[in-house]
1. Given a 1.4 Å probe, how much area per residue of segment 136-275 is accessible, in Å²?
2. Could you work out how much longer the chain between Ser43 and Thr194 gets when fully extended? Use 0.36 nm per residue separation minus the Cα distance between them, nm to one decimal.
3. May I ask you to evaluate 6.51 cos²θ - 1.76 cosθ + 1.60, the Karplus curve with θ = phi - 60°, for each residue of segment 196-211 and list the ³J(HN,Hα) values in order in whole Hz, giving x for glycine and proline?
4. Taking amide H positions as placed in the peptide plane 1.01 Å from N, state which residues far from Phe399 in sequence (5 or more) or on other chains have amide H under 5 Å from it.
5. At 1.4 Å probe size, with no ligands or nucleic acids counted, give the accessible surface of Phe206 in Å², nearest ten.
6. Rounded if a/c is under 1.5, else prolate if a/b beats b/c, else oblate: with a ≥ b ≥ c from the C-alpha gyration tensor eigenvalues square-rooted, which is segment 205-360?
7. Measure off, as a whole percent, the carbon and sulfur share of the 1.4 Å-probe accessible area of segment 366-413, all protein chains present.
8. Among Gly115, Gly22, Ser351, whose Cα sits farthest toward the positive end of the charge dipole of the chain (+1 at Cβ of Lys/Arg, -1 at Cβ of Asp/Glu, about the Cα centre)?
Amino acid sequence: MSDLRSTDQRRSTDTPAAAIPGQPRQVHFAAHFPGVNNTTVWSDPASGSHIEFDSFSHLAKTAEAGLFDFFFLAEGLRLREHQGQIFDLDVVGRPNTTAVLSALAAVTKHIGLAGTLSSTFNEPFDIARRLATIDHLSNGRAAWNVVTTSNAFTGENFRRGGYLDYADRYRRAEDFIDVARRLWDTAAGDGSFTHGSDFFDISGRFPTGALPGGHPVVFQAGDSDSGRDFAVGSADVIFTRHSDPESGRKFYADVKSRLARYGRTEDSLKIYPGVSIILGDTPAEAVERSREVAAQQVSEAGAIAFLERVWDRDLSAFDPNGPLPDVPPAAESISQGRVKHIKDAEATIASWRQIAEAEKLSARELVIKVSTRHSYVGTPAQVATDLAEAVRTRAADGFILVPHLTPGGLDEVVAKVVPELQERGVYRTEYPDGSLRENIGLPAARPAADWAENRDRARSVHTDAELKEVG
Ligand SMILES: Cc1cc2nc3c(=O)[nH]c(=O)nc-3n(C[C@H](O)[C@H](O)[C@H](O)COP(=O)(O)O)c2cc1C
């Protein structure tokens, strides 16, 4: 199924909306598979398996019925720990990303298949070959979210000794992507390659033959200044946490303003914030559902564990339904395997105390308030209007929808929000012909050497300008 509207509606526009010049900016959707994270609700009776293939295929097929650009898998290479134990509020089990995507290639036809793979703990030849294989199996639908992995704990199960410092993780990632792209370039010829650099010294023949999509689409998901430069220098798509329109617009303007220096057009790098959608038949019902889901997302034990990660100490003696713990934070590291978002614990705790006192919130209620903001809450019509507005005002090019339920968490969005967007003329009514690049609206793949040259030029110009300023 590739068109959700009636046949009569379809007849009135036989050209895909995205291709008509002068059309309003089009909304794009992608699907994030709910897995090990704070937002997935495993206690809900509607919650299914996070590891059985039916779950992956249900979500991917729903997203494809909704004409989404791609299906997205995050990756954690090690189970998270809390106070030295496996974190028991997580489900256990993270299957291999590329194996799952390969299986999905067989049960889908149009949707992109995006997998997160760390450039810190893998080797370019192996990753390039795995992605090339998915690209072949799916006829040009492979994508790779390149993460640098923010902690050594996560990668201790790999052979490579030691852990790179922050800057070197990004240098390795850039080199890694260049090598992968070179391998994909050579696949169109005889496959032979040699590459020598600080990180890799490899040679051989790349064995897959030319890829149907040219190069798999490359995503990036770091947020720092280095992360943003890495994205404009090497990526086609950014997955960002800037989900509210105001911070989204700032992020969007900042990242897109860096592109020209790298010889790139605004449309060559797409920005997709991760967002959550809660629907109701009336605005009041949607708000009520959002409250219920937030309460499910933060159990009593979950609230204490959340606070322990900020306080960095054992808070099990405190009542989640009582006030915030009246002890200062410690400098232990209580949890392993998570990205730490809060840099200044003391300032954060002080501001939370103020909120909790002013609004008379218990510890758990405070955690619900600060950790579960749903991005779009309303009737399908309201949500469609707000999403279209976010794209029109350049807060995003598309959205990675993060449902709280596996595997049915996007059924309602596809049934109700997609048709609303189509009626507004801001959502396609059929898939374009071609590879994932066409789904997303990206230009054709550029050779690896182009990326490296543009980056070198951009960075030497930058350094010259900085030198002039200093001089
Ligand atoms: C939206 C988003 C999603 C991420 N997903 C993953 C992931 O699935 N697996 C992983 O190992 N790291 C993930 N990361 C971590 C990044 O790769 C990176 O290590 C981290 O953000 C620190 O880099 P930064 O300081 O540039 O933000 C994610 C980061 C962001 C912002």
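The values are calculated or read from the model by the stated rules, or taken from the named source; none is laboratory data. Here the structure is a predicted model, which means the values were calculated and not measured. A quick note on method: Cβ atoms are made from the backbone with ideal geometry, for glycine too, and the neighbour counts reach across all protein chains shown. With ligands, DNA and RNA removed, areas are computed over all heavy atoms of the protein, side chains included. Shrake-Rupley method; radii C 1.70, N 1.55, O 1.52, S 1.80 Å.
1. Values: 5670 Å² over 140 residues.
With the other protein chains kept in place, segment 136-275 gives 40 Å² per residue.
2. Working: separation 151, 0.36 × 151 = 54.36 nm, distance 5.14 nm.
Taking Ser43 through Thr194 to full extension adds about 49.2 nm, to one decimal.
3. Values, residue by residue: x, 7, 4, 9, 9, 9, 9, 7, x, 10, 7, x, 9, x, 4, 7 Hz.
4. Hits under the 5 Å cutoff: His28, Phe29, Ala30.
5. 10
6. Numbers: a/c = 2.18, a/b = 1.78, b/c = 1.23.
Prolate.
7. On the way: 800 of 1550 Å².
The value for segment 366-413 is 52 percent carbon and sulfur by accessible area.
8. Result: Gly22, furthest along the dipole toward the positive end.
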